[in-house]
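**Q** Right, I'll just put the structure down here and ask away after.
The values are calculated or read from the model by the stated rules, or taken from the named source; none is laboratory data. The shown structure was predicted, so the numbers you read here are calculated from the model rather than taken from an experiment. Quick reminder, even Gly has a Cβ in these numbers, built from the backbone with ideal geometry, and neighbours come from all protein chains shown.
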Ligand code: ATR
């Protein structure tokens, strides 16, 4: 039996175990997916290879610390965070599948970021993954965040490692950037368990595709207001699904059973 798992704190309510175990069932793999809350994440990741663990996901608050325990691939190095470790190499390889999660969530909905104008709201870990996912294919990227300095810092990182037109501002800059945008990602925690939105409804329009990284609730106020404006909407479970599918594919070399994983995830989310 192969053992995969998740390192984070807290991980008790994580959706990853049911999602990954649904994948193992769907493809007939003899494997389990378990959760760990270590004191020292880098030591736990480094030691997992000796225990015969085949692959690990890493979540909050350990994604940055995990960089020190792995050989980061170019995506993880750029984002500055690791969420997936593959122990088939020595040293283990770390990647960041949140980036592919954003790309594949859009692609699943026939939204093509190539040449688009994108706005990412937020400047934390989720926003970094979204900004690096969109910086390459899009023609222009704007980062807006409550703390404008954090948006500026993220935009500077993206400009340095990817290049292109990347601007930044506070949340007031949404008034200028969203009306001309094709893609909008909410990568803040606004809307999580509340009926708030970081983007005023009157800025939303029918030519926009909106991805909300918040998945509790699935139908956030931002997505409801985007739908009312005629926009294409992509809920946070798609991002969660595709970061997991990408991890499964890294570990197994096989195409992920996305439909089974999606069913399990949405059953958990109600
Ligand atoms: P994560 O790594 O999960 O993205 P994070 O680093 O804590 O989490 O980032 C949370 C994001 O949500 C930040 O962009 C934060 O804005 P600040 O950088 O100004 O803190 C944003 N955020 C959280 N609460 C917010 C609120 N009430 N209004 C606007 N933005 C908020």
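**Q** Name the pairs whose Cβ atoms lie under 7 Å apart, with the first residue in the stretch 177-205 and within 11 Å of residue 220 (Cβ to Cβ), the second modelled with pLDDT under 95, and 6 or more positions between them or separate chains?
**A** none
**Q** Just checking, which of 101, 94 is crowded, with 24+ Cβ neighbours inside 10 Å, without any contact (Cβ under 8 Å) to a residue 60 or more places away in the chain and closer than 20 Å to residue 16 by Cβ? Quick ask: steps written out before the conclusion?
**A** On the way: 101 fails: without any contact (Cβ under 8 Å) to a residue 60 or more places away in the chain.
Exactly one residue qualifies, and that residue is 94.
Residue by residue, here is whether (1) near the ligand (Cβ under 9 Å from one of its atoms); (2) in a strand (DSSP E or B) holds:
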{"residue": "113", "(1), (2)": "no, no"}
{"residue": "129", "(1), (2)": "yes, no"}
{"residue": "142", "(1), (2)": "no, yes"}
{"residue": "151", "(1), (2)": "yes, no"}
{"residue": "156", "(1), (2)": "no, no"}
{"residue": "166", "(1), (2)": "no, yes"}
{"residue": "176", "(1), (2)": "no, no"}
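**Q** Ok, one more. What number of residues in the stretch 37-54 are free of Cβ contacts under 8 Å to residues at least 24 places away in the same chain and either over 15 Å from residue 89 (Cα atoms) or under 22 Å from the mean Cα position of the chain (by Cα) (or both)?
**A** 2
**Q** When you go through 76, 42, 46 one by one, which is the residue that is farther than 19 Å from residue 264 by Cβ, outside any loop (DSSP other than H, G, I, E, B) and in contact with a strand residue (DSSP E or B) (Cβ under 7 Å, 6 or more places away or on another chain)? Show your work before the answer.
**A** Details: 42 fails: in contact with a strand residue (DSSP E or B) (Cβ under 7 Å, 6 or more places away or on another chain); 46 fails: in contact with a strand residue (DSSP E or B) (Cβ under 7 Å, 6 or more places away or on another chain).
Answer to the selection: 76.
**Q** Return the residues of the stretch 1-35 that are more than 16 Å from residue 93 (Cβ to Cβ) and in contact with a helix residue (DSSP H, G or I) (Cβ under 6 Å, 6 or more places away or on another chain); say none if nothing qualifies.
**A** At the first step, the residues of the stretch 1-35 found to be more than 16 Å from residue 93 (Cβ to Cβ) are 1-3, 5-6, 8-35.
Matches in the stretch 1-35: 6, 15, 18, 19, 22, 23, 26, 31, 33.
**Q** Say we look at the stretch 179-191 and pick out the residues that are part of a loop (DSSP other than H, G, I, E, B) and more than 9 Å from the ligand (Cβ to nearest atom); which of these is surrounded by the fewest Cβ atoms within 10 Å (Cβ to Cβ)? Walk me through how you get there before you give the answer.
**A** At the first step, the residues of the stretch 179-191 found to be part of a loop (DSSP other than H, G, I, E, B) are 181-182, 187-191.
Now narrow it down to the ones that are more than 9 Å from the ligand (Cβ to nearest atom): 181-182, 191.
On the way: 181: 24, 182: 19, 191: 23.
Among those residues, the one meeting the criterion is 182.
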